[in-house]
1. Putting +1 on Lys and Arg Cβ atoms and -1 on Asp and Glu Cβ atoms, find which of A:47, A:27, A:9 reaches farthest to the positive end of the dipole of segment A:6-49.
2. Sorted from shortest, what are the nm distances separating the label point of residue B:316 from equivalent points in the other copies, each placed 7 Å from Cα along Cα to C-beta?
3. Between residue A:25 and residue A:232, take the C-beta separation as r, use R0 = 60 Å, and let me know the FRET efficiency to the nearest 0.05.
4. Can you give the local net charge around residue B:28? Use residues other than it whose beta-carbon is closer than 12 angstrom to its beta-carbon, Lys and Arg +1, Asp and Glu -1.
5. What ratio of Cα Rg to 2.2 N^0.38 Å holds for chain B?
6. If you plug each phi of segment A:20-30 into the Karplus form 6.51 cos²θ - 1.76 cosθ + 1.60 with θ = phi - 60°, what whole-Hz ³J(HN,Hα) values come out, in order, with x for Gly and Pro?
7. Any idea of the total accessible area buried by the A-B contact, 1.4 Å probe, rounded to 100 Å²?
8. Distances from residue B:28 to the same residue in each other copy, label points 7 Å out along Cα→Cβ, in nm, shortest first?
2 protein chains.
Amino acid sequence: MANATIRDVAREADVSVASVSRALNGHSNVRPELRRHVETVAAALGYVPHAGARNLSMARANAIGVVLPDLHGEFFSETLRGMDRAASERGLQLLLSNLHDGDRAVAMLHTMRGRVDGLIIMAPHIDPALLLAGLPSSIPAVLVNCAAPGKDRPTLQVDNVAGARVMTEHLIATGRRQIVHLSGPESNAEARERIEGYRAAMDAAGLQHRIVAGDFMQETGAALTPQILRDHPEMDALFAANDMMAIGALIALRAAGIDVPGQIALAGFDDIPLSRLISPALTTMHVDIAGIGERAVARLTDAIAGAKDHQLEMSLPELMVRETTQKARVSRA
Amino acid sequence: MANATIRDVAREADVSVASVSRALNGHSNVRPELRRHVETVAAALGYVPHAGARNLSMARANAIGVVLPDLHGEFFSETLRGMDRAASERGLQLLLSNLHDGDRAVAMLHTMRGRVDGLIIMAPHIDPALLLAGLPSSIPAVLVNCAAPGKDRPTLQVDNVAGARVMTEHLIATGRRQIVHLSGPESNAEARERIEGYRAAMDAAGLQHRIVAGDFMQETGAALTPQILRDHPEMDALFAANDMMAIGALIALRAAGIDVPGQIALAGFDDIPLSRLISPALTTMHVDIAGIGERAVARLTDAIAGAKDHQLEMSLPELMVRETTQKARVSRA
DNA sequence: ATGAATGATGTAACCGGTTACATCAAGCAG
DNA sequence: CTGCTTGATGTAACCGGTTACATCATTCAT
């Protein structure tokens, strides 16, 4: 019933456990015939090594823990895809954990200790002090898009401030003036940075900011749009803090009979795969989502190998002009 | 430097390791003052229990392994989301593995032995015999959308045959006659079942089948469409075996200046979130993707708990009529 | 022929927890 | 006062691997 252990194999093959271990792991100092014999017996018993035990004795889990704020939407699935690719190249597995709130966060990190060699933490919505307090300094970790660029941890970030500034400037350059920013939640560091970039560009152009607080969800983008139209009747551009909200807004604008980009320009942020597929195609800031996942794994494996490189790696998003921000038609009236 | 172990805590607190273990795990037979003392010392040392060691000694990993064919696209990210929800409710973590080909598949399963309590295997593209051969019968596993309904394993499947039949009948009922099926890869069990459903409905209506082999990828849907238009100039409906290919086809059709659904009706399968967001919205078979993920975890935890219920659970997809299959306009000519 | 070097194999400690069982002190009934 | 029960704590075995080191048989140089 229960699975065979290495001792069962040793007894059956009439050799020591050490020989079984060596034979099965391809060590060189094993007689070929002995190796074959052990392999035969192991196969006959259906022996599969117990990875947990091996991990314990080798003090190496060959796995990395990934904590994400949310599995919703394409953004995180893309990140995960990048991580998976980089991880399986290195023979690592991913231990996944959704990180809802700050309290359970620390408990979660603890659950991971001893089952993973390091952690990738993506938590723009969690107080970084709280996070780092619960993180033993001995466990390697890379922070992705966290609020504070962990001083003594490798860190990856998207330059949200610059990105939002570029997008806002693009909107201004294409003739928009009454630009409303539909932001992410205040508690989210990336959302705050994007607000900052928007503010900077608007200030530089001498325009007035209008910020409406959203929460990065598509439904909210749709739900808030009618209200935005009411409160800002003069609006000629809507800059959503991420693509999902922009798409929600697009649906609501379409439902309201508003022409995009004819009457109102629409912009998003992230460039999820979906954004080029909708119609009209969404202008957005391209973030190399899967690439960030890959880089995170690369940095983490370096850190696990002992690298002391705690540099902050900042990636600059790129403006993708598509259909939703084409110049407004000359008024037909 | 290295992390404190339970013996460090025991030494520092001047008690035995057993007491530390008991105190920290909330056993009742510990003097309250001793417990507090141990907790204080543990906190002072920054002690975090080594989950791997605990797993080994308790013979319980509190994790489940998930093997997926591909992380691409919304389908699997939705599945994963459902699994994550169900898993974290039960205090389980997910160990993720992308399963590219059959050879590495078995190795992968072995890597998981001893680090997970059970497996969820989603592998419509892998020879089930190969798969089950590599799977020790002692490890609980549930099969999702695998080619063969594992006789002695809990199994979840989508009724692809019925679903494809319903969709094809819908197309016929809305007046289409020259219906081309853009199928998934022959190696994929689900693709084969959808072909079968399409065939059944076409046969029943006395119509001729036209099947073009695709591979479930959006790019392929787009790339194959011009060729399909050339080879089947009379086509009035295109039924893609999944939504991603349908969306690819939609883009290509739009580029070719073809009116959907005016000239050609378009249908997909899966009902990924994206399909209702594109324009025109895609008619498709709704599959409760996240729900299947949740059910898989539920069935697996039952199996881990010792349930012997190896019933095949079949879920019936539901027709979602949207814009791409509205009745063809009366010819304007 | 003898001692050293080499190579294959076995013994047992170790990784870091959990827990059955032993031990011991205190409380209590007779 | 003695013997039994009860509760708290300690001892050590165990989970299933890996591996340093010991052992032993060869082989080879001297």
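1. Checked the options; the winner is A:27.
2. Its label point is 5.8 nm from the equivalent points in the other copies.
3. Values: r = 67 Å, r/R0 = 1.12.
The computed FRET efficiency comes out at 0.35.
4. Details: positive: B:22, B:31, B:35; negative: none.
So the environment of residue B:28 carries a net charge of +3.
5. On the way: Rg = 26.1 Å, N = 333, 2.2 N^0.38 = 20.0 Å.
Ratio of Rg to 2.2 N^0.38 Å for chain B: 1.30.
6. Result, ordered by residue: 4, 4, 5, 4, 6, 9, x, 5, 7, 8, 9 Hz.
7. Numbers: alone 16210 and 16190 Å², together 28180 Å².
Result for this pair: about 4200 Å² buried.
8. Distances between equivalent label points, in nm: 6.0.
The values are calculated or read from the model by the stated rules, or taken from the named source; none is laboratory data. All figures in this text were calculated on a predicted structure; none of them were measured in a lab. When we count neighbours, we look across all protein chains shown, and the Cβ atoms used for this are built from the backbone with ideal geometry, even at glycine. Just so you know, the surface numbers come from the protein's heavy atoms only, side chains and all, with ligands and any DNA or RNA stripped out. Shrake-Rupley method; radii C 1.70, N 1.55, O 1.52, S 1.80 Å.
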